[in-house]
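The numbers here are math on the coordinates, done by the rules we state, and not lab data. Model, not experiment: these values are computed from the prediction. Reconstructed Cβ throughout: ideal geometry from the backbone, glycine too, with neighbour counts over all protein chains shown.
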Ligand code: HEM
Ligand code: FES
């Protein structure tokens, strides 16, 4: 038998076996460590309409992330992601100024979510919602 | 491959890495008549590494709080993907490791490898053995099941028999009069930090001593290679003309590890609850003692000894005496002969002792 041929063949077999073992160990390990999608917060969120007064904002958890529901002074409702588009801090509602402030680097957004000052590059993303029977359903 | 060679070259030019590799691997010669029992050390290293890895993974989801511990373990078993695999690896692994440890001790015992100049190797090994018992005992409490709770109650209670300090010692071990949340706190710290660090350090000492004395030549098998010197000056036992550690014996070690893994996975996949009595599945209840609370199999002999003697102090002293005798064996048994068949008294005592241990364990299991 050709010795180097046998060597290559055994080498390939060993590499294959090694790859199989690595996969058999690696896959469960990856699944064990992979983030768990939170089923409870993946669905819709229902908020009673009376909870959000004019000029005030309500923060809540939505789809595993933070969101805010705002009732403007004119009474209209609007929902945003509460995550600042700059580096991901959570914005605060400043009732007196009727705007959002991000405390991390001083980003400002108006009540429509548009950037008015500071480093954020994009407006706050809007979230769809519907109102029926005194309840606001987000999502 | 060429890139790899270049990297090794680069390191080699700076720290002489190839020289170390040559000396420690291909140039590290072992006795020609070395046998498979010598692989048990490597198997133990592998088993310990597996315990450390699975243990760290369990720490991600386990909560060391008396109100949450049992729930967090159930969560790992039932909800986390492959959580059952990690947890069973750790639990089954501890049992299999003790088994390998006992075999390692027995092989060292019957081949007389504990004799001069390897007394320190035996001594560090013996301390390792005690620490492995300690890590098993403390780990047993962590799931906070009925089994955990009551086995720990009984185990810590046996210290009560020690005169004068006994009752206070029990309270000290538990962090309270009874086993409770404070016990979990201290056992958790011991199990995941103190004892593992101690074991790692002792494995280091154990291997260092092995390197300094050199591997023993088995007292039987193929032709002997070594020059048996027993002088008063330090002498490293070389094996000129022996078989290289790499690749020859490394492959034998790998075979040993493969056999160990085969046994381990057989239990894991075909009889995962082999080591789990039903009380392991019931959350701890400090007001209900279950019937027939028993320790793990390797503590059954200790358990039965305590049961036989109506006076706890006698039972405990006997165990202490037996352990001390074993620890100091190389200083008691100082003859030079290592072949088991040429040591009838030693053989009679050790086989007798082994049978006694097995007998007590079986008795403990069925009593
Ligand atoms: C965590 C536990 C342990 C580990 C990881 C371990 C590891 C090792 C390794 C890798 C070797 C070299 C290979 C061999 O001869 O098997 C060895 C040798 C040895 N071990 Fe252990 N060991 C452990 C526990 C013990 C115990 C409990 C004892 C006895 C009380 C012991 C006594 C010895 C002796 C006397 C040698 C020298 C054998 C010779 O040179 O022929 N070890 N150990
Ligand atoms: S993260 Fe909001 S302004 Fe920088």
Response to the item:
In nm, the gap between the two label points placed 7 Å beyond Cα toward Cβ at residue B:246 and residue A:59 is 5.6
Discussion item. I'd like the orientation of helix B:146-157 relative to chain B: the angle between its Cα long axis and the longest Cα principal axis, in ° from 0 to 90, rounded to 10.
Written reply: 80
Practice prompt. Would you mind giving the three semi-axes, in whole Å and largest first, of the ellipsoid equivalent to the range B:100-179 according to its Cα gyration tensor?
Written response: 33, 17, 9
Item to complete: Within 10 Å of each residue's Cβ, count the other Cβ atoms and sort B:329, A:69 from fewest upward.
Response: B:329, A:69
Worksheet item: Of B:16, B:41, B:315, which has the largest mean-square fluctuation in a 10 Å C-alpha GNM of chain B?
Response: B:16
Worksheet item: Once you wrap a convex hull around the alpha carbon atoms of the protein assembly as shown, what is its projected area averaged over all directions, in nm²?
Response: 38.2
Practice prompt. For chain A, set up a Gaussian network in which alpha carbons nearer than 10 Å are linked by springs, and say which option among A:50, A:22, A:117 fluctuates the most.
Written response: A:22
Worksheet entry | Averaged over A:25-34, number of beta-carbon atoms from partner chains that fall within 10 Å | 4
Response to the item:
Averaged over all viewing directions, the convex hull of the alpha carbons in the range B:1-102 casts a projected area in nm² of 11.2
Practice prompt. Could you calculate the FRET efficiency of residue A:9 with residue B:326 from 1/(1 + (r/R0)^6), where r is the beta carbon distance between them and R0 is 45 Å, rounded to 0.05?
Written response: 0.35
Discussion item. Over chain A, with a Gaussian network built from C-alpha contacts below 10 Å, which listed residue (A:64, A:43, A:18) shows the highest mean-square fluctuation?
Written reply: A:18
Worksheet item: Between residue A:105 and residue B:355, what is the spin-label point distance in nm, taking each point 7 Å from the Cα along the Cα→C-beta axis?
Response: 8.0
Worksheet, complete the sentence: Here the gain from full extension of residue B:160 to residue B:193, 0.36 nm per residue of separation minus their alpha-carbon distance, amounts to 9.2 nm
Discussion item. Give me B:165, B:267, B:170, B:3 sorted ascending by neighbouring Cβ count inside 10 Å, so fewest comes first.
Written reply: B:3, B:165, B:267, B:170
Worksheet item: Taking only Cα atoms, what is the 0 to 90° angle, nearest 10, from helix A:3-33's long axis to the longest principal axis of chain A?
Response: 30
Worksheet item: Efficiency by 1/(1 + (r/R0)^6): what FRET value for residue A:44 and residue A:66, r their Cβ-Cβ distance, R0 = 25 Å, to the nearest 0.05?
Response: 0.95
Fill in: Helix B:40-61 axis, angle to chain B major axis (alpha carbon atoms, nearest 10°)
40
Practice prompt. Give the Debye-formula value of log10 I(q)/I(0) at each listed q (0.14, 0.16 Å⁻¹), with one equal scatterer per alpha carbon of the range A:44-138, two decimals each.
Written response: -0.46, -0.60
Worksheet item: Based on the alpha carbon coordinates of chain B, what radius of gyration and maximum Cα-Cα distance (Dmax) apply, in Å?
Response: 23.1, 72
Fill in: FRET efficiency estimate (nearest 0.05) - Cβ-Cβ, residue B:201 to residue B:365, R0 41 angstrom
0.75
Worksheet item: So between residue B:103 and residue B:345, what do we pick up on full extension, going 0.36 nm a residue minus the alpha carbon distance?
Response: 85.0 nm
Worksheet item: Between residue B:275 and residue B:4, what is the spin-label point distance in nm, taking each point 7 Å from the Cα along the Cα→C-beta axis?
Response: 3.5
